[in-house]
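Structure first, commentary second.
Taken together, the values in this text are just the output of simple stated rules run on the coordinates, not laboratory data. Just so it is clear, the model here is predicted, and its values are computed rather than measured. With ideal geometry, Cβ positions are generated from the backbone for all residues, glycine too; neighbour counts draw on all protein chains shown.
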Amino acid sequence: MNWKDDFPIFQTPYYGQTLTYLDSGATAQKPRQVIAAVTDYLETTYANPHRGAYRLSQEATARFEGVREKVRAFLGARSTSEIIFVKNSTEALNLVARSYAEATLQPGDEIVISIAEHHANLVPWQRAAQRTGARLVYLYIDEDGSLPEAELAKISQRTKMVAVTHVSNVTGHINDVAALARAAHAVGAVILVDGSQAVPHLAVDVRELDVDFYTFTGHKIMSLTGAGVLYGRESILEGMEPFLLGGDMIEYVEEQRTTYNTLPYKFEAGTPLSEAVISLGAAIDYLKEVGYDRIGAIDADLTQYLLAQLAQIPQVRVIGGSSPKNRAGIVTFTLDGVHAHDVAHILDSKGICVRAGHHCAQPLARYCNTTATTRVSFWFYNTREDCDRLVRELKRIRRLMGLGTE
């Protein structure tokens, strides 16, 4: 099946050419099924969820809460009380840092993160450490992008929080989250996992992984922007203060005091981006149709195929090693003598979209002795033809820049 047929953007000329979209790690394209679900909601059921006694609002509430149940099943959570809707993973990570870590950490405690974290899972922990007197401890990756087992020994009796990515947004490497969770819990620490790059590629069961918090952002799995998810263990969420205050997160407000709503609404202040949440439900339905077995097979095939071709191009260095194993559809590289932004601009003129820069992971870039790289991120709608087109243009860029004629 050609999955691109379901995506209107691939039938839309781009610079007069067919679009080759290789930036799904930033955001995924939207299929007709998701677009149709949003259109139907806006045309037939649009109202403010939880706010009205009239039928239209009740219908909107039912559809909104129906998506919460889909997300619960999607992540394998015990209860919808553990599923909190936020705008994106960044908000979810900040919520945990502010409402949990800053409220519980003490001087001398340690927060363990990896050098491969996106800034969204790094900067909030820097502030939490500064405000509480805790200390940041980094786990460093090998040349192949993996976390060596010896690094896990840094999780010690002083560790109170572990915050790690499931899949690196730069190398695509898949971390052993279950092992990290065991190490964290063995010393009484809480573990949070940023699943932003994992959920598009891997079936996730938060109970099997035994994590305390797990985040993902819907637009990376075809929803509209504005639909993010925080899973939190109910026993921990119950003891946390709300992150944002206002409408719907309250139980009762008096002049001098307020009592808070029950989970998950305690953490969902204000009018939600309901159309984005509706689109998330449709995206999950579509993902089920595609299937993670098929996604994994496409990831493995395209990653191996592209890495083999890049290995034949002089001056190309792949970040995170050249092995296709244990990667989730991401290949990031440098082309010596050509800035990544120049590579991306030239590719764009030929209808090829890639990401260029430090990818919101500057400490990792410095650790890998680079400042800017070019990132290719596949998904199930990509093909070998997309890879061939990319490689042809990379070879042309080399010639344009006087780096060789091969």
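Some observations on this one:
- Loop sites in the stretch 128-211: GluC sites (Glu not before Pro), DSSP, at most 16 other Cβ within 10 Å: E143
- Chymotrypsin sites (Phe, Trp or Tyr not before Pro) within the stretch 79-144, DSSP loop, no more than 15 other Cβ atoms inside 10 Å: Y140
- Net charge over other residues, Cβ less than 10 angstrom from the Cβ of P31 (K, R count +1; D, E count -1): 0
- Theoretical FRET efficiency, 1/(1+(r/R0)^6), r = Cβ-Cβ of R207 and D144, R0 30 Å, to 0.05: 0.55
- Ranked by how many other beta carbons lie within 10 Å on average, peptides 303-313, 11-21 from highest: 303-313, 11-21
- Cβ-based charge dipole, the chain, positive-most Cα from T171, I221, A128: T171
- Bridges between two residues of the stretch 34-287, per DSSP, are antiparallel at a rate of about 45%.
- Within the same chain, lysines fewer than 8 places from K30 are excluded, and of the rest, those with a Cα less than 25 Å from its Cα are K4, K70, K87, K220, K288, K350.
- On full extension, the segment bounded by D348 and K154 gains 65.6 nm, given 0.36 nm per residue less the C-alpha separation.
- Considering the stretch 131-180, its Cα convex hull presents a mean projected area of 4.2 nm².
- Crossing angle, helix 32-44 versus the chain [Cα axis fit, 0-90 degrees, rounded to tens]: 30
- Counting 0.36 nm for each residue step from R55 to N326 and taking away their Cα separation leaves a gain of 92.6 nm.
- Loop-resident trypsin sites (Lys or Arg not before Pro) (DSSP state other than H, G, I, E or B) in the stretch 221-282 with no more than 13 further Cβ atoms inside 10 Å of their Cβ: R257.
- Computed FRET value (nearest 0.05) for A26 with K87, which takes r as the C-beta separation and R₀ as 22 Å: 0.85
- Here the stretch 33-65 is scanned for amide nitrogen atoms under 14 Å from the site 7 Å beyond the Cα of T271 along Cα-to-Cβ, giving 46-52, 57.
- Taken along its principal axes, the alpha carbon cloud of the chain reaches lengths of 75, 55, 34 Å, longest axis first.
- Computed over the chain, the per-residue total of -39500 (n - 2.57) for DSSP H runs of n ≥ 4 gives a 222 nm mean residue ellipticity of -10500 deg cm²/dmol, rounded to 500.
- Net charge of neighbours whose Cβ lies under 13 Å from the Cβ of R158, counting Lys and Arg as +1 and Asp and Glu as -1: +1
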